[in-house]
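Student: Here you go, one structure.
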Amino acid sequence: MNDSLEKINTVVANGNSREAILQAADILRSGGLVAFPTETVYGLGADACSKKAAEKIYSAKGRPSDNPLIVHIADVKAVYELAACVPPKAEMLMEAFWPGPLTIILPKKELVPNETTGGLDTVALRMPSHPAALEMIRESGLYIAAPSANTSGRPSPTEAAHVLDDLKGKVDMILDGGAVGIGIESTIVDLTGECPTILRPGFITKQMLEHIIGEVKMDAALEINDSSIRPKAPGMKYTHYAPKGELTIVEASSADDSGMNVANKINELVREKQQSGCGVAVIATSEHAHLYKCQNVLVVGDGTKGETIAAKLYSTLRKCDELSVDYIFSEAFSTGALGSAIMNRLLKAAGQRVIKI
Ligand code: AMP
Ligand code: MG
């Protein structure tokens with residue numbers, strides 16, 4: 001396989017083709033990199049038990065080496081091979097949510113190299129539900145380390161074209177499975193402490209987890225906006241998901257059902273920026289889009305259906321890059337079960353810039 005510094009010929013193949021999946025499995029076995037669809041976002045896969053393969057992932061993404069990788073598996077048996085201890089609550093969550101968008105953190109066995117876990121003595125494990133991902137992992141006979149298949153810091157990829165934009169010439173193959181279903185990364189829950197703790201919110205909510213295993217905490221760094229609190233998931237401390245233009249969220253501090261207060265403020269900001277010759281875009285729900293006076297109003301989804309917003313959030317942020325705008329103003333999307341997962345990503349994309357009105 002190619003060395004990480006050399007330019008690689010990136011093959012884009014149909015993720016529904018058995019032949020392409022077998023070829024992907026071959027590439028993985030020879031230490032190469034394959035981007036593949038999952039139900040959350042596209043992953044950038046490599047052999048999780050090979051130090052060299054893990055290093056290739058970090059180098060292709062430009063990812064800091066202290067940011068550990070999630071290991072993707074296709075079989076529950078793998079958990080007992082990779083984790084030093086599997087508590088009953090882990091088994092209950094695996095039973096309830098796998099295959100699916102839930103990652104669990106457990107103490108690691110020696111087999112998992114430190115390069116894969118960013119030097120931690122724990123390992124993050126997930127069984128994805130996307131059929132192409134499961135088939136590829138099974139056929140490879142490996143455990144597959146896979147972060148999101150974007151350049152570090154950029155919005156995660158929800159279509160094969162996003163992966164190609166970021167990683168062309170840096171990965172051996174991209175399995176194209178079309179647009180993904182969920183659109184934001186898995187929920188991460190740490191099961192190594194006294195009380196299960198959510199380190200990254202996602203499609204599987206705190207309430208859904210508590211329904212299965214009782215009390216679940218949120219990592220303090222998720223709840224308090226204080227940069228002195230170190231998140232337990234090393235990756236959560238980095239700027240993420242950011243479009244190239246400067247993104248600001250405008251949020252109503254009291255009920256603003258018509259969306260008028262937020263729209264008035266955003267329209268004022270848009271006017272100001274346009275007067276100084278800057279390109280501007282607005283991100284809004286389908287219900288509120290008509291309220292905005294801006295050339296580029298991007299509809300991210302239906303405000304009453306969080307899943308539609310999650311599915312289009314990253315492609316909307318990438319669309320802002322295509323428009324080459326200097327400033328982006330977005331509504332907040334904090335209501336509903338997915339509100340905290342969506343706002344966690346949007347706030348990071350905005351570098352925590354929020355105007356409360
Ligand atoms: P991504 O690969 O882009 O989905 O990001 C993976 C996330 O999982 C990052 O925020 C990592 O810091 C986090 N993660 C992976 N392994 C561990 C671990 N062993 N302990 C805590 N967080 C982890
Ligand atoms: Mg990522």
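None of the figures in this text is laboratory data; all of them are computed from the coordinates on show. Remember, it's a predicted structure, so these values are computed and weren't measured experimentally. Please note: Cβ atoms are built from the backbone with ideal geometry, for glycine as well, and neighbour counts cover all protein chains shown.
Student: In cubic angstrom, how much convex hull volume per residue do the alpha carbon atoms of region 1-126 span?
Tutor: In region 1-126, the Cα convex hull volume per residue is 111 Å³.
Student: Okay, moving on. Could you check how many percent of all C-alpha pairs in region 208-252 are farther apart than 11 Å?
Tutor: 77
Student: Same structure again: Quote the relative contact order of the chain in percent (integer), defining contacts as alpha-carbon pairs under 8 Å separated by 6+ residues.
Tutor: 19
Student: OK, next. I need Ile283, Ile204 ordered by Cβ neighbour count within 10 Å, fewest first.
Tutor: In order of increasing Cβ crowding within 10 Å: Ile204, Ile283.
Student: Which length gain, in nm to one decimal place, applies between Lys293 and Ser65 when the Cα-Cα distance is subtracted from 0.36 nm times their residue separation?
Tutor: Full extension of this stretch gives 77.7 nm more.
Student: To test your reading of the geometry: what angle, between 0 and 90 degrees and rounded to tens, separates the Cα axis of helix 131-140 from the longest principal axis of the chain?
Tutor: It works out to around 30 degrees.
Student: Right, here's the next one. Between His211 and Glu194, what is the label-to-label distance in nm when each label sits 7 Å out along the Cα-to-Cβ direction?
Tutor: Taking the two extended label points, one gets 2.8 nm.
Student: Could I ask something else about it? Please report Rg (one decimal) and Dmax (integer) in Å for the Cα set of region 69-203.
Tutor: 14.9, 45
Student: What's the FRET efficiency of Asn114 with Ser253 using the Cβ-Cβ distance as r and R₀ = 51 Å, to the nearest 0.05?
Tutor: 0.65
Student: May I ask for the Rg/Rh ratio of the chain, computed from Cα atoms with Rh as the Kirkwood radius, given to two decimals?
Tutor: Rg/Rh: 0.98.
Student: At 0.36 nm per residue, and after removing the present C-alpha to C-alpha distance, how many nm does the segment from Glu246 to Thr335 gain when stretched out fully?
Tutor: 29.7 nm
Student: Now a separate question. On a straight-distance basis, which lysines could pair with Lys206 in a cross-link, Cα separation under 27 angstrom, same-chain partners fewer than 8 positions away excluded?
Tutor: Lys77, Lys89, Lys108, Lys217, Lys232, Lys237, Lys305, Lys312, Lys348, Lys356
Student: Between region 207-237 and region 49-84, how far is it from one alpha carbon centroid to the other, in angstrom?
Tutor: The distance from the Cα centre of region 207-237 to that of region 49-84 comes to 22 Å.
Student: Oh, and also: Give the residues of region 99-143 whose amide nitrogen is closer than 15 Å to a point set 7 Å from the Cα of Arg230 in the direction of its Cβ.
Tutor: 118-122
Student: For Val12, list long-range residues whose amide hydrogen, built 1.01 Å from N in the peptide plane, is under 5 Å from its own amide hydrogen.
Tutor: HN-HN under 5 Å from Val12: Ile174.
Student: Pop out the Kirkwood hydrodynamic radius of region 237-331 from its pairwise C-alpha distances, inverse of mean 1/r, in Å to one decimal.
Tutor: It is 13.6 Å.
Student: Figure the gain on full extension for Arg138 and Asp121 (residue separation times 0.36 nm, minus the Cα-Cα span) and round it to one decimal in nm.
Tutor: Extending this stretch completely gives an extra 3.6 nm.
Student: Hey, what number do you get for the chain at 222 nm if only DSSP H runs of n ≥ 4 count, each worth -39500 (n - 2.57), divided across all residues, to the nearest 500?
Tutor: -9500 deg cm²/dmol
Student: So, one more: Under a point spin-label approximation (7 Å from Cα along Cα-to-Cβ), what is the Ala84-Asn264 distance to one decimal in nm?
Tutor: According to this spin-label approximation, the distance is 6.0 nm.
Student: Would you mind estimating how fast region 173-312 diffuses translationally, via Stokes-Einstein at 20 °C and 1.002 mPa s with the Kirkwood radius over Cα pairs, in µm²/s?
Tutor: After rounding, the answer is 118 µm²/s.
Student: With each pseudo-label sitting 7 Å past Cα toward Cβ, what's the Tyr238-Asp26 distance in nm, one decimal?
Tutor: Roughly 3.2 nm, to one decimal.
Student: Here's another thing I want to ask about it. Mind putting a number on the dipole of the chain about its Cα centre? Charges go on the C-beta only, +1 for Lys and Arg and -1 for Asp and Glu, and I need it in Debye to the nearest 20.
Tutor: The calculation lands at about 560 debye.
Student: Next question. On the principal axes of its Cα set, how long, how wide and how thick is region 178-217? Give whole Å, largest value first.
Tutor: 40, 19, 10
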